[in-house]
Every structure is written in structure tokens, then in C-alpha cells.
Amino acid sequence: MSPVKITADTEACVASGQCVLLAPGTFDQDEETGTVVLLADQPAAGEDDAVRQAELTCPAAAIRVTG
Ligand code: SF4
């Protein structure tokens, strides 16, 4: 099984913050712009499902999870 890899498109992000609420160990928001900051390109411990949920619920479809 290949490792999960996350990407976040900061250009597309509309700073809604859902991803941070769902997976705060994996996503953060820029303090000034509110856009997504990817803390790691793999889910933090225990956040695998939350990261996939974030991909599905991001209103800008800015999150991609592969693998
Ligand atoms: S859920 Fe999507 S639009 Fe909202 S902050 Fe995260 S990446 Fe940006």
C-alpha cells in the first residue's frame, strides 16, 4: 500500500477553516489570510479519516488525498 499523500491548493482555498476543525494536527490556517497551511503531507496520528473528510467537505475542493 502506498503512503497517503496530501496536497492543499492555497490559491483555491477560500479560508473556510473546515479542514482545521476536522484535522487540526494536519491543517492550520495562515494567521493573516486564513488560507490553509499544510503541516505535513501525511495525516497526523489518528487523523486519517478526518483528512479524507476534509477532502470531501472542503468548499473549494482545495484538498487532495492520494494513496
Ligand atoms: S476546508 Fe478548504 S477552503 Fe476551507 S480552509 Fe481548508 S483548504 Fe481552505
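The values are calculated or read from the model by the stated rules, or taken from the named source; none is laboratory data. For clarity, every value in this text was computed on a predicted model and none was experimentally measured. Glycine gets a Cβ as well: all are built from the backbone with ideal geometry, and neighbour counts include every protein chain shown. When the accessible area is computed, the model is the full protein with side chains, heavy atoms only, and any ligands, DNA or RNA have been set aside. Shrake-Rupley method; radii C 1.70, N 1.55, O 1.52, S 1.80 Å.
Results, tabulated for the structure shown:
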read-out: Those residues of the stretch 41-67 which are at pLDDT 95 or above and small (G, A, S), in sequence order; value: A44, A45, G46, A50, A54, A60, A61, A62
read-out: Residue that is nearest to P3 (Cα to Cα) [pool: residues in the stretch 38-54 that are outside any loop (DSSP other than H, G, I, E, B) and touching a residue at least 12 places away in the same chain (Cβ under 8 Å)]; value: D48
read-out: Residues being more than 13 Å from R64 (Cα to Cα) and within 10 Å of the ligand (Cβ to nearest atom) - total across the stretch 34-49; value: 3
read-out: Hits in the stretch 1-57 - residues which are over 11 Å from the mean Cα position of the chain (by Cα) and among the polar types (S, T, N, Q); value: S2, S16, T33
read-out: Scope the stretch 8-32; condition open to solvent by 60 Å² or more (accessible area, probe 1.4 Å) and more than 10 Å from the ligand (Cβ to nearest atom); matching residues; value: E11, P24, E31, E32
read-out: Every residue from the stretch 33-51 that is open to solvent by 60 Å² or more (accessible area, probe 1.4 Å) and among the acidic types (D, E); value: D41, D48, D49
read-out: Qualifying residue in the stretch 4-11 (condition: touching a Gly at 6+ places or on another chain (Cβ under 9 Å) and at pLDDT below 95); value: yes
read-out: Residue tally, condition open to solvent by less than 30 Å² (accessible area, probe 1.4 Å) and more than 10 Å from the ligand (Cβ to nearest atom), over the stretch 52-67; value: 1
